[in-house]
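Engineer: The structure follows.
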Amino acid sequence: MAFNKVVEEAEIPPDEEDPTYGKLHGEVEQDEDDEEAEDEEEKKVKQWIKIQSKQEEAYGDERKLLLSLKTNTNDLRKAISKMTGVPVRYVAMKAHGKLLEEAFGKPLESNWDVNKDVISWYKTDRLQAYLDKRKLPTINNLDRWERWVGHFITIDGDFELTKEVVDDERFKFSLINKQDIFGDSCLHLACICGYTDLVELFIDKQANPELQNIYHRTPLMLAAEHGFYEAVKPLLRADANIGPNPGNGVWK
């Protein structure tokens, strides 16, 4: 999708409180019949999913959650957190022996046998696990690629964990705009992946939308080039430049 077309579709309406501006330009409003049909279809794909902690596994016990097979990792983690009372930060999960980290991955969508397969979960500090994996002593340290832990959490799309880090009183505020050796800040990565909630979070934390990576791409350019017009909107609200960038924020 062309840059200009995506930006035009994501343009902020003159008066966002005006009910006539409830949709983006070019969007076709879905009628109520279509919405009801989608709800019914969603109900059909809900199944009882087996959930088992390490302790329950040892005793041969298990619990079940009624979930859509389209449930993503992020919502699955929240559901387990709600069921068990364990904070989201401390809920680690595995499916088919694989650790579930990508927030918007859908582990139940394919090859999931509701009669046999089990979501295994255990309590651990997931933030510390990120630090240990990347050999970072603290949330403020950098690896050899000039990345802090926020880069890696952003790639996985984990909003809750990212927010915990940037809200931590020990967090070094300047890292919001830290660029790695490729010139990418966390805002760049969030835009590449289309994680609108993270884009809004970084903008709220005063991330610079004019920074350019080594390919002279700003976050707005990346969101538009990948077709993520919802991610474009908060950038436009932050007055991101939609015209030629005369060198502002060029990675050196």
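Read-outs throughout are calculated quantities, based only on the coordinates presented, and are distinct from any laboratory measurement. The shown structure was predicted, so the numbers you read here are calculated from the model rather than taken from an experiment. Don't worry about glycine lacking a Cβ; one is built from the backbone with ideal geometry, like all the others, and counts go over all protein chains shown.
Engineer: If packing is taken as the average count of other Cβ atoms within 10 Å, what order do 148-155, 199-206 fall into, highest mean first?
Structural biologist: 148-155, 199-206
Engineer: Would you order 61, 125 from fewest to most other beta-carbon atoms within 10 Å of each residue's own beta-carbon?
Structural biologist: Ordered from fewest to most neighbouring Cβ atoms within 10 Å, 61, 125 come out as 61, 125.
Engineer: Using the 10 angstrom Cβ neighbour count as an exposure proxy, how do 81, 185, 120 rank, fewest first?
Structural biologist: 81, 120, 185
Engineer: Once you compute Rg and the Kirkwood Rh from C-alpha atoms, what is the Rg to Rh ratio for the range 118-252?
Structural biologist: 0.99
Engineer: Please work out how many pairs of lysine residues in the range 128-237 are eight or more positions apart (or on different chains) and have Cα atoms closer than 25 angstrom.
Structural biologist: Lysine pairs meeting both conditions in the range 128-237 amount to 14.
Engineer: Considering only the other residues whose Cβ falls under 14 Å of the Cβ of residue 60, what net charge follows from Lys and Arg at +1 and Asp and Glu at -1?
Structural biologist: Around residue 60, the surrounding residues sum to -1.
Engineer: Follow-up question, since we're still on this one. Modelling each spin label as a point 7 Å along the Cα-to-Cβ direction, I'd like the residue 45/residue 63 distance in nm, to one decimal.
Structural biologist: It is 2.5 nm.
Engineer: While we're here: Using the number of other C-beta atoms within 10 angstrom as an exposure proxy, rank 77, 144, 134 with the fewest first.
Structural biologist: The most exposed by this proxy come first: 144, 134, 77.
Engineer: When only DSSP loop residues count, what trypsin sites (Lys or Arg not before Pro) in the range 157-195 have their Cβ near at most 11 other Cβ atoms within 10 Å?
Structural biologist: Of the trypsin sites (Lys or Arg not before Pro), the ones in loops of the range 157-195 whose Cβ has at most 11 other Cβ atoms within 10 Å are 170.
Engineer: So, one more: Pull up all non-local amide H partners of residue 118: gap of 5 or more, or a different chain, and H-to-H distance under 5 Å with H placed in the peptide plane.
Structural biologist: 96
Engineer: Mind listing the long-range amide H neighbours of residue 180? Cut-off is under 5 Å, sequence gap 5 or more, other chains count too, H placed in the peptide plane at 1.01 Å from N.
Structural biologist: Amide H to amide H, under 5 Å and 5 or more residues apart or across chains, residue 180 pairs with 185.
Engineer: Moving on. Between beta-carbons, use under 13 Å as the cut-off and find the net charge around residue 95, counting Lys and Arg +1, Asp and Glu -1.
Structural biologist: +1
Engineer: Additional query: Would you mind counting up the charge near residue 208? Only other residues with Cβ under 12 Å from its Cβ, with Lys and Arg at +1 and Asp and Glu at -1.
Structural biologist: 0
Engineer: Got a sec to turn the phi values of the range 201-215 into Karplus ³J(HN,Hα) couplings, 6.51 cos²θ - 1.76 cosθ + 1.60 with θ = phi - 60°, whole Hz, x for Gly and Pro?
Structural biologist: 4, 5, 4, 4, 8, 6, 5, 7, x, 9, 4, 10, 8, 5, 9
Engineer: When ranked by the protection proxy of mean other Cβ atoms within 10 Å per residue, highest first, what sequence do the peptides 215-227, 94-106 form?
Structural biologist: Put in order of decreasing packing, that is 215-227, 94-106.
Engineer: Can you work out the Karplus-derived ³J(HN,Hα) for every residue in the range 117-122? Use 6.51 cos²θ - 1.76 cosθ + 1.60 with θ = phi - 60°, whole Hz, and x for glycine or proline.
Structural biologist: Rounded to whole hertz, the list is 6, 9, 7, 8, 9, 8.
Engineer: For the range 58-130, state the semi-axes of the equivalent ellipsoid (square roots of 5 times the eigenvalues of the alpha-carbon gyration tensor), sorted largest first and rounded to whole angstrom.
Structural biologist: Working from the Cα gyration tensor, I get semi-axes of 18, 15, 12 Å.
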